[in-house]
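The values are calculated or read from the model by the stated rules, or taken from the named source; none is laboratory data. Predicted model, so just to flag it, every value in this text is computed and none were measured. Cβ sites come from the backbone with ideal geometry, for glycine too, and all protein chains shown count toward neighbours. For accessibility, only protein heavy atoms count, side chains too; no ligands or nucleic acids. Shrake-Rupley method; radii C 1.70, N 1.55, O 1.52, S 1.80 Å.
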Amino acid sequence: MKTAVPCYYHLDVEVSPERVGQVSRILAAHLRFWDLENLVEPVCHGAEMLLEAIDEHATDKNTSIEMWWNGQHLITAIGDNNRTLRPDHELRACLQHLAAMSDGWGCCATETGSKVIWFSQRARAGNREPLVPTAPEPDLREGLDVPREVAVTQVADPAGTPDEVLEEAR
């Protein structure tokens, strides 16, 4: 079984409608690289929702995105620099959806007055089925005839005994 190696990724981006899809693809690539294929859909969807809400409501579009994988949980955090964006008003529907689809979530303020919204997903590392080779099955449409015993006709005269053949070769 593969052991889980802690992983971390950080991305700073200025949010715009076209950047939301790019960021989602970048996050998906990192999750696949970390062998967390089953978390691509919920993590990218949650990040897209938050980035779209920031793009729609925030005046400062500079955003930081971080992902931490500790072997059991993936924590995705999105921090914005906008002090006027309030989670209880503009982001209420987005946060309700995050709460429904994640194992845990939260919002906290930083020293600069901005906020970080995070959510976590639980997963197991190395949860794979081993590949088992399958035996080939015969194809019923085509079959080969069983070889028959065919008499071999004598094509040439017998060469003689081995000693005679060696003497002729010298």
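What residue, among those in segment 1-29 that are of a type in the set (Val, Ile, Thr) and in a loop (DSSP other than H, G, I, E, B), is farthest from residue 119 (Cα to Cα)? Explain how you work it out, then say what you get.
If we filter segment 1-29 for residues that are of a type in the set (Val, Ile, Thr), which is where we start, we get 3, 5, 13, 15, 20, 23, 26.
Okay, now just the ones that are also in a loop (DSSP other than H, G, I, E, B), so 3, 5, 15.
Numbers: 3: 24, 5: 20, 15: 19 Å.
Going through the qualifying residues, I end up with 3.
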Residues of segment 18-29 satisfying the condition of being touching a Phe, Trp or Tyr at 6+ places or on another chain (Cβ under 9 Å) and open to solvent by less than 60 Å² (accessible area, probe 1.4 Å): 27
Looking at the structure I just gave you, is residue 7 in contact (Cβ under 8 Å) with a residue 12 or more places away in the chain and under 18 Å from residue 97 (Cβ atoms)? no
Which of the residues belonging to segment 95-123 are surrounded by 14 or more Cβ atoms within 10 Å (Cβ to Cβ), closer than 15 Å to residue 77 by Cβ and touching a Gly at 6+ places or on another chain (Cβ under 9 Å)? 98, 102, 105, 114, 115, 116, 117, 118, 119, 120, 121
Checked against (1) open to solvent by less than 40 Å² (accessible area, probe 1.4 Å); (2) touching a helix residue (DSSP H, G or I) at 6+ places or on another chain (Cβ under 8 Å); (3) at pLDDT below 70, residue 126 satisfies every condition except (2)
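This table checks each residue for (1) open to solvent by less than 20 Å² (accessible area, probe 1.4 Å); (2) part of a loop (DSSP other than H, G, I, E, B); (3) β-branched (Val, Ile, Thr).
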{"site": "31", "(1), (2), (3)": "yes, no, no"}
{"site": "41", "(1), (2), (3)": "no, no, no"}
{"site": "44", "(1), (2), (3)": "yes, no, no"}
{"site": "48", "(1), (2), (3)": "no, no, no"}
{"site": "51", "(1), (2), (3)": "yes, no, no"}
{"site": "54", "(1), (2), (3)": "yes, no, yes"}
{"site": "63", "(1), (2), (3)": "yes, no, yes"}
{"site": "67", "(1), (2), (3)": "yes, no, no"}
{"site": "75", "(1), (2), (3)": "no, no, yes"}
